[in-house]
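Below is one structure, written out as structure tokens; comments come after it.
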Amino acid sequence: MSNESAAVIKNRVPHIIFLYWVIKIVSTTLGETGADMFSMTFKLGYWETILIFMGLFVIFLTVKLALKGYHPWMYWLTFTASAIAGTAISDFIDRTLKLGYAKGALILVVLLLIILAAWYKKEKSINVEYITTFRAESFYWVAFLFANTLGTAAGDFLADNMGLGFMHSAVLLSAMLVVIALLHLYTKVSSVMLFWLAFVLTRPFGAAFGDLLTKPHASGGLNLGTIGSSIVILTILFLAISKESMLEKGRLARHKHGQWT
């Protein structure tokens with residue numbers, strides 16, 4: 001087996017391809033509708049929702065870190081738990097602690113930068129496409145949790161504090177994501193910086209899509225409610241992860257047999 005094939009097999013995280021962003025957006029949309037479903041529809045409250053999904057996040061992450069290589073289902077279970085927990089944490093900061101989305105987002109930006117700096121100091125890299133060690137992956141997931149929370153706060157700031165609403169926010173965020181994609185394709189701007197910008201911005205984009213599904217017709221939504229929306233999103237997520245799992249199995253099989261992707 002070549003060194004390149006061995007490296008692919010050891011890698012613990014997914015390749016950042018178009019399908020990754022599709023699943024990420026769908027997962028973060030579920031984070032929005034799922035958090036609202038538990039905290040408001042089921043009336044558990046933000047604190048109880050945080051405890052439930054932080055607990056699930058820790059359980060899934062413990063299993064994920066114990067596994068070798070990249071396992072799509074466990075990866076996205078962990079990610080989705082972090083997305084729902086991040087939404088509930090953001091709402092808790094704004095509505096329970098009454099810090100507001102602007103202050104909350106600023107605090108989360110600082111915390112995320114601190115985590116990324118610590119990650120870089122220890123690993124000499126913050127490469128999100130190639131991670132093979134327990135320590136690097138631990139930094140990876142902590143950063144993802146804070147970035148998901150930040151994305152929620154940023155999206156709510158645009159929709160509520162800036163008065164854009166979910167439809168105008170979705171249009172603005174779409175334009176920003178297109179610019180980031182063009183910068184990645186046609187310039188030498190740091191791919192790491194562009195990844196984190198896209199990662200944070202796809203979170204409120206997913207939230208805007210969640211609002212489109214849950215809001216009543218009078219507000220321009222499809223009026224599916226949090227439960228109906230979550231079922232629809234779960235179905236899409238299941239199909240997308242199934243596709244990712246098939247691609248990963250094919251990729252690993254080719255590398256084990258010395259073929260190149």
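The values are calculated or read from the model by the stated rules, or taken from the named source; none is laboratory data. Just so you know, these numbers come straight off a predicted model, no measurement behind them. For neighbour counting, all protein chains shown are included, and Cβ atoms are generated from backbone atoms with ideal geometry for every residue, glycine included.
To keep it simple, each residue is scored yes or no on (1) closer than 21 Å to PRO216 by Cα; (2) part of a helix (DSSP H, G or I); (3) among the hydrophobic types (A, V, I, L, M, F, W, C).
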| position | (1), (2), (3) |
| --- | --- |
| TRP141 | no, yes, yes |
| GLY155 | yes, yes, no |
| LEU158 | yes, yes, yes |
| ILE180 | no, yes, yes |
| VAL189 | no, no, yes |
| MET193 | no, yes, yes |
| VAL200 | no, yes, yes |
Does the range 157-180 include one or more residues that are surrounded by fewer than 15 Cβ atoms within 10 Å (Cβ to Cβ), out of contact with any Ser or Thr (no Cβ under 7 Å at 6 or more places or on another chain) and closer than 25 Å to SER125 by Cβ? no
Starting from the range 74-95, take each residue that is not hydrophobic (A, V, I, L, M, F, W, C) and list its partners that are not in a helix (DSSP H, G or I), counting only C-beta distances under 8 angstrom and pairs at least six apart or across chains. TYR75/VAL13; TYR75/PRO14
Taking the criterion of being touching a residue at least 24 places away in the same chain (Cβ under 8 Å), under 25 Å from TYR46 (Cβ atoms) and aliphatic (A, V, I, L, M), would at least one residue in the range 185-206 satisfy it? yes
From THR80, THR87, residue being within 19 Å of SER27 (Cβ to Cβ), modelled with pLDDT of 90 or more and out of contact with any Pro (no Cβ under 8 Å at 6 or more places or on another chain): THR80
Pairs, first at positive phi in the range 161-184, second surrounded by fewer than 17 Cβ atoms within 10 Å (Cβ to Cβ) and assigned to a helix (DSSP H, G or I), C-beta under 9 Å, six or more apart: GLY165/SER219
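With the structure loaded, tell me whether LEU212 is more than 22 Å from MET162 (Cβ to Cβ), in a helix (DSSP H, G or I) and either modelled with pLDDT under 90 or not small (Gly, Ala, Ser) (or both) or whether it fails that test.
Values: more than 22 Å from MET162 (Cβ to Cβ): no; in a helix (DSSP H, G or I): yes; either modelled with pLDDT under 90 or not small (Gly, Ala, Ser) (or both): yes.
Judged against the criteria, LEU212 is not a match.
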For PHE57, state whether it is buried (at least 17 other Cβ atoms within 10 Å of the Cβ) and under 17 Å from the mean Cα position of the chain (by Cα). yes
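Assess whether LEU222 counts as being surrounded by 17 or more Cβ atoms within 10 Å (Cβ to Cβ) and over 19 Å from ILE17 (Cβ atoms). Walk me through how you get there before you give the answer.
Values: surrounded by 17 or more Cβ atoms within 10 Å (Cβ to Cβ): no; over 19 Å from ILE17 (Cβ atoms): yes.
It is false that LEU222 is surrounded by 17 or more Cβ atoms within 10 Å (Cβ to Cβ) and over 19 Å from ILE17 (Cβ atoms).
Condition check: charged (D, E, K, R) and modelled with pLDDT under 90. Does LYS68 satisfy that?
Yes: the conditions hold for LYS68.
Could you check the range 119-139 and list, in sequence order, the residues that are part of a helix (DSSP H, G or I) and within 16 Å of SER191 (Cα to Cα)?
First, pick out the residues of the range 119-139 that are part of a helix (DSSP H, G or I): 119-123, 134-139.
If the condition is that a residue be part of a helix (DSSP H, G or I) and within 16 Å of SER191 (Cα to Cα), then TYR120 is the only one that fits.
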Scanning the range 225-243 for residues that are touching a residue at least 24 places away in the same chain (Cβ under 8 Å) and among the small types (Gly, Ala, Ser), which turns out surrounded by the fewest Cβ atoms within 10 Å (Cβ to Cβ)? GLY225
